[in-house]
Amino acid sequence: MAISFFKQKIEDNQTGDRPIIDLREVNKYYRTAVGDYHALEGVDLQIKAGEFVSIIGKSGSGKTTLLNMITGIDRPTTGEVWVNGTAVHDLNENTMARWRGKSLGIVFQFFQLLPMISVIENIMLPMDFCRTYPIHERRDRAMELLELVELADHAYKLPTALSGGQQQRVAIARALANDPPVIIADEPTGNLDSKTAEAVFSLFNNLIAQGKTIIIVTHDSGLAKRTHRTALIADGEIVNEYVAKVMPSLTASQLLQATKTAKLQTYKAGTMILSEGTNADTFYIVSKGTVEVILPRKNQSDVIALQLGPGKCFGEMEFFHEKKHQASIRASEGGPVEVLAIGYGQLSELLGQSEVARETLHQLADKHEGENLSLRRAF
Ligand code: ADP
Ligand code: MG
């Protein structure tokens with residue numbers, strides 16, 4: 001009875017909506033000679049099983065610090081870090097290393113293979129350390145992993161006999177040794193030429209196809225765009241991804257300002273968020289759920305003209321063109337809706353910092369206005 005209950009609990013963790021990685025209000029201070037340095041400020045980050053997430057941000061913004069919280073290489077000063085149901089912030093040093101060895105595959109920018117032992121022994125090491133596979137199976141498994149990264153021919157060479165790209169592929173094979181559900185990689189392509197970087201990236205894509213969860217820190221915005229989701233970090237804080245999506249031409253620190261300015265509002269399913277004909281004073285970005293755009297019709301019932309999901313915005317048309325709302329917006333029946341609300345005064349200030357961002361949003365407003373007109377004609 002007890003055993004089946006435990007099994008059920010594990011399955012809930014893996015299949016439920018619960019994120020495989022969950023950082024809650026994480027703060028990290030470093031002690032320095034000139035006082036405490038606030039490296040992570042109230043970081044909330046949720047990653048679902050099977051997601052491929054990139055973390056980008058300027059040098060010194062806190063990317064490595066963030067990964068170190070997830071791997072338990074370092075601890076948050078305050079806040080919680082959950083990985084696959086384990087409270088990493090609470091693990092003691094003894095259990096931490098074994099837990100990490102079984103639960104995470106870690107890939108570094110400079111590979112960090114042990115130089116005195118062969119490639120295949122480097123891959124067997126995590127299995128030896130965690131005793132995850134019987135001794136007589138470890139070498140075969142290491143060889144299979146080398147085949148996966150197409151380096152079986154190099155198994156008995158020393159790492160230094162391999163090129164940078166090959167060494168990184170060995171490091172990925174080593175990260176997979178204990179078949180961990182999560183791979184964490186800090187600038188894994190940062191030291192590779194673009195062709196080799198591409199080969200490493202496609203290896204990550206294959207792992208995603210097999211159901212792994214991967215987080216990479218990268219400087220390469222082209223690679224970042226090809227992951228499922230990008231988290232931008234600026235001065236130790238995470239920029240809201242939907243704010244970044246709507247105003248992509250703002251700089252990281254302007255986006256952070258926009259994130260801090262935005263007020264999160266929640267509406268129950270079916271509630272009216274704003275009504276046609278009322279004065280407009282706020283710009284909204286949908287961050288969860290969907291809203292319905294309702295067009296009024298003369299002598300007829302209203303019609304739902306559009307549905308807007310996460311990353312879509314409303315209230316921008318009125319900001320540029322009209323003072324009154326041209327349509328009503330309602331939280332759809334499907335579930336609660338979260339929106340980020342930015343007052344027009346604050347929006348003006350933000351767009352004042354970037355002509356391109358202002359122009360982009362203006363064009364979006366024009367496009368929506370055109371769509372609105374044709375919808376009115378259609379209904
Ligand atoms: P990134 O990986 O984005 O380049 P880091 O997470 O390495 O940034 O560092 C974030 C900030 O914290 C930097 O200003 C860095 O100098 C500082 N920092 C990192 N590690 C330490 C440490 N051990 N002691 C003091 N300051 C640190
Ligand atoms: Mg770093």
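The values are calculated or read from the model by the stated rules, or taken from the named source; none is laboratory data. For clarity, every value in this text was computed on a predicted model and none was experimentally measured. Only protein heavy atoms, including side chains, enter the accessible area calculation; ligands, DNA and RNA are left aside. Shrake-Rupley method; radii C 1.70, N 1.55, O 1.52, S 1.80 Å.
Build a GNM of the chain with springs between Cα atoms under 10 Å: which of 40, 67, 351 gets the top mean-square fluctuation? The residue that fluctuates most here is 351. Within the full protein context, the accessible area of residue 157 is estimated at about 80 Å² for a probe radius of 1.4 Å. Taking the 1.4 Å solvent-accessible surface of the chain as the whole, the part contributed by carbon and sulfur is 51%. Here residue 312 is the anchor, and the lysines within straight C-alpha reach of less than 17 Å, apart from those fewer than 8 places off in the same chain, are 245, 263, 288, 367.
Could you give the angle, 0 to 90 degrees to the nearest 10, between helix 2-15's Cα long axis and the longest principal axis of the Cα atoms of the chain? Between helix and principal axis, roughly 60 degrees. A 1.4 Å probe, protein heavy atoms only, puts the accessible area of residue 202 near 50 Å². Test of understanding: in a Gaussian network model of the chain with alpha carbons linked when under 10 Å, which of 81, 53, 246 would top the mean-square fluctuation ranking? Largest GNM mean-square fluctuation: 246.
Solvent-accessible surface of region 213-361, taken per residue with a 1.4 Å probe and all protein chains present: 47 Å². So what does residue 374 come to for accessible area, using a 1.4 Å probe and Å² rounded to 10? Residue 374 exposes around 60 Å² with every protein chain in place. Ordered from highest to lowest accessible area with the whole protein assembly present and a 1.4 Å probe, 316, 333, 359 read as 333, 359, 316.
Ordered by solvent-accessible area of protein heavy atoms (1.4 Å probe), largest first, the residues 366, 140, 22 come out as 140, 366, 22. Coupling constants for region 118-130 follow from the phi torsions by the Karplus curve (6.51 cos²θ - 1.76 cosθ + 1.60, θ = phi - 60°), and in residue order they are 5, 3, 5, 5, 4, 6, 6, 3, x, 5, 5, 5, 9 Hz; glycine and proline get x.
Can you compute log10 of I(q)/I(0) for region 258-378 with the Debye formula, treating each Cα as one identical point scatterer, at q = 0.13 Å⁻¹? Those come out to -0.50, one per q.
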